[in-house]
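Please read the structure below before turning to the comments.
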Amino acid sequence: MRTRYLSLDALILRTREQNEADAWVTLLAPVAGLISGVAKNGRRSQKRFMGALLPVTAARVLMARRQGVWYLEEALVGQAYPRIKRQAATYALACYGLEQVLATHPQGPQAADAHPLLVELFDHIEGGSADLPLTRLAW
């Protein structure tokens with residue numbers, strides 16, 4: 001069986017522990033939509049992931065599909081959004097946007113339309129104007 005590789009820019013929405021070292025990552029890409037995959041040794045590896053698996057992070061990811069499961073091979077931070085993560089109120093606003101996407105969009109390419117809206121929300125918050133109405137995220 002051949003391994004299929006995919007390289008794309010994505011927003012990291014959620015990271016959950018899978019076992020001692022692995023992480024289950026949910027991300028949103030402009031073309032592929034909502035994808036979940038396993039980052040083997042993702043909770044420990046600083047060489048392959050370098051802090052790119054934190055929620056509210058834009059990253060360039062390399063994924064491989066093996067036996068019906070996506071695996072994150074590596075991820076590089078594209079935009080870390082440090083201002084959002086610095087304050088609890090701005091981080092909560094960004095996480096609310098993430099949760100709206102997860103609650104209203106199914107896995108797969110159908111969720112791709114949410115990507116530009118989340119990027120716009122994050123850019124507004126990062127720029128200091130957190131007054132962007134979240135009603136845009138309530139499709």
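Here are some notes:
- Helix 88-104 axis, angle to the chain major axis (alpha carbon atoms, nearest 10°): 60 degrees
- Taking each DSSP H run with n ≥ 4 as -39500 (n - 2.57) and averaging over every residue of the chain yields -8000 deg cm²/dmol at 222 nm.
- Full-stretch length increase - Arg16, Leu102 - with 0.36 nm per residue and alpha-carbon distance subtracted: 29.6 nm
- Counting charges near Leu6 (Lys, Arg +1; Asp, Glu -1) among other residues having Cβ under 14 Å from its Cβ returns a value of +2.
- Using alpha-carbon coordinates, inclination of helix 114-126 to the longest axis of the chain, degrees: 60 degrees
Since every read-out is calculated from the coordinates, none of them should be taken as a lab result. Note that this is a predicted model, so its numbers are computed, not measured. Cβ: placed from backbone, ideal geometry, glycine included. Neighbour counts: every protein chain shown.
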